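This report refers to the structure that appears directly beneath it.
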Amino acid sequence: MNRTPADLTPWAGDATERGTDPETVGEAILDAFEEAILAHPRSAQKEIGPSEIGHPCSRWLAYRLADVAPTGLEKPPWRQAVGTAVHSASEDWLQGWNANHGQRYLTDILVEVGELYPGRPITGHLDILDVPTATIIDLKVPGPSAMKSNRAGTPESPQYRIQTHLYGRGACRAGYPVDTVAVLRVPSAGELADAVFKHEPYDETIAVNALERAGAIAQLVNAAGPAAAAALPTTDHYCHRCTWFSPGSTDLTRGCPGDSGRIAMTRPDPLNQLIA
């Protein structure tokens, strides 16, 4: 849309605020981006979602469920924001395809995948349901190294695999038939032809087992609060990127020093008794 000076509302900010000097306008724009990203519903989400239920680190799940404050300064989730923008555009593209060719794709469907425990339902928005093939598709927008790894045939991430089966369960509970679950990765840098599509038959037991595990951790957190984290094993899963990574930490109620490579193998997992 073409705009003229007459279309612009005069800025009412203080003259000392960042943005009045052309040298700082770039930083002012980045500030605006960060403000919008942090205000987005995905950034403000409190309840755990299907994308997090299958996280392999039990301690991470305890911190997440106990709503423990992040260690250090949180950066605006830029990668997530890029993914959100692509998801929004993809919905427009698929709805446009439907308008021209017929209603094949359902997008952004709110589903309840199950409960952590009675009275605590878990909901999420599945990205795409391909109606004629009864396929649930979760859309990912990874960076170049992750795309390269997946093109080389890396097995599907257990966390993403669980996420798709949870969405499959949610779709079934909402009355949609589901035969297949899939992850479609489109590159954040590259060409559309570089996309990678992985799929497998839907298996409800994968979703149920993940909910039982997360539910057991939730019950521990309900009983012990953040102290539950200290009783749970860790898994080396991008520890350096973890919201609660705190090198050298001895207070496990606030932060984790990272997986030692031995904790998960030597420490009994109290979840086994709760799930059994």
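Read the figures in this text as sums done on the coordinates, not as results from a lab. Since the model is a prediction, treat every value here as computed from it, not as a measurement. Virtual Cβ from ideal backbone geometry, glycine too; neighbours counted across all protein chains shown.
Quick notes on this one:
- Cα-Cα P(r), region 78-203, percent of pairs per 10 Å interval: 13, 41, 36, 10, 1
- Counted by neighbouring Cβ atoms within 10 Å, the residues T253, T234, T24 run from fewest to most as T24, T253, T234.
- Ranked list, fewest to most other Cβ atoms within 10 Å of each Cβ, for L192, L94, L126, L38: L192, L38, L94, L126
- Of the residues V186, V111, the one with the fewest other Cβ atoms within 10 Å heads the list, and the complete ranking is V186, V111.
- Relative contact order, percent, region 111-230 [alpha-carbon distance under 8 Å, six or more residues apart]: 28
- Each Lys or Arg adds one and each Asp or Glu subtracts one; over the other residues with Cβ under 12 Å from the Cβ of Y105, this totals -4.
- Taking a sphere under 9 Å around the Cβ of I122 and counting the other residues whose Cβ falls inside, with K and R at +1 and D and E at -1, yields a net charge of -2.
- Here's the list of aspartates and glutamates a cross-link from K140 could span, going by alpha-carbon distance under 20 Å and ignoring same-chain residues fewer than 8 apart: E52, E91, D92, D108, D127, D130, E156, E191, D194, E200.
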